[in-house]
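Peer 1: Please see the structure below; I have some questions.
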Amino acid sequence: MVSGGGTRFDPAERIVRDPSICAGQPTLPGTRILLRVVLGYLAQGESAQTILESFPGLREAHLRACIAFAAAQAAEVLPR
């Protein structure tokens, strides 16, 4: 669970791995939007507003979950 600005949310609730959706690649719930696509936009410097406008089904909580998921994965695989 991640806390930010007084709001607590579980990134796992905003990331889905379902074999019947995009071959089980991580997506955002209720969409076929791949986690890696959203992270790619963020890595290229796209603003949250631009991403949200490009993918009308997304909410800010989805973007926070993508970042939290990536941070958690990095914490697991990067040496300390």
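Peer 1: Quick one: count up the residues across segment 53-80 that are surrounded by 17 or more Cβ atoms within 10 Å (Cβ to Cβ) and either in contact (Cβ under 8 Å) with a residue 40 or more places away in the chain or touching a His at 6+ places or on another chain (Cβ under 8 Å) (or both).
Peer 2: Qualifying residue count, segment 53-80: 6.
Peer 1: Exactly one condition in (1) within 21 Å of A72 (Cβ to Cβ); (2) at pLDDT 95 or above; (3) not charged (D, E, K, R) is not met by G4; state its number.
Peer 2: (2)
Peer 1: Confirm whether E53 is of a type in the set (D, E) and under 17 Å from I15 (Cβ atoms).
Peer 2: no
Peer 1: Right, another one. Of the residues that sit in segment 53-72 and are part of a helix (DSSP H, G or I) and either among the β-branched types (V, I, T) or more than 12 Å from the chain's Cα centre (by Cα) (or both), which one is modelled with the lowest pLDDT?
Peer 2: Among residues in segment 53-72 that are part of a helix (DSSP H, G or I) and either among the β-branched types (V, I, T) or more than 12 Å from the chain's Cα centre (by Cα) (or both), the one modelled with the lowest pLDDT is I67.
Peer 1: Name, by its number, the condition in (1) at pLDDT 95 or above; (2) surrounded by 11 or more Cβ atoms within 10 Å (Cβ to Cβ) that does not hold for T27.
Peer 2: Against the list (1) at pLDDT 95 or above; (2) surrounded by 11 or more Cβ atoms within 10 Å (Cβ to Cβ), T27 comes up short only on (1).
Peer 1: Examine segment 31-49 for a residue that is assigned to a strand (DSSP E or B) and either free of Cβ contacts under 8 Å to residues at least 12 places away in the same chain or in contact with a helix residue (DSSP H, G or I) (Cβ under 8 Å, 6 or more places away or on another chain) (or both), and state whether such a residue exists.
Peer 2: Yes, segment 31-49 contains at least one residue that is assigned to a strand (DSSP E or B) and either free of Cβ contacts under 8 Å to residues at least 12 places away in the same chain or in contact with a helix residue (DSSP H, G or I) (Cβ under 8 Å, 6 or more places away or on another chain) (or both).
Peer 1: Another question, if that's okay. If we scan segment 32-52, do we find a residue that is among the small types (G, A, S), touching a Pro at 6+ places or on another chain (Cβ under 7 Å) and surrounded by 11 or more Cβ atoms within 10 Å (Cβ to Cβ)?
Peer 2: The answer is no, given that none of the residues of segment 32-52 is among the small types (G, A, S), touching a Pro at 6+ places or on another chain (Cβ under 7 Å) and surrounded by 11 or more Cβ atoms within 10 Å (Cβ to Cβ).
Peer 1: So which residues in segment 10-20 are crowded, with 16+ Cβ neighbours inside 10 Å and of a type outside the set (K, R), if there are any at all?
Peer 2: Matches in segment 10-20: P11, I15, V16.
The values are calculated or read from the model by the stated rules, or taken from the named source; none is laboratory data. What you are looking at is a predicted structure, and each value in this text was computed from that prediction instead of being measured. When we count neighbours, we look across all protein chains shown, and the Cβ atoms used for this are built from the backbone with ideal geometry, even at glycine.
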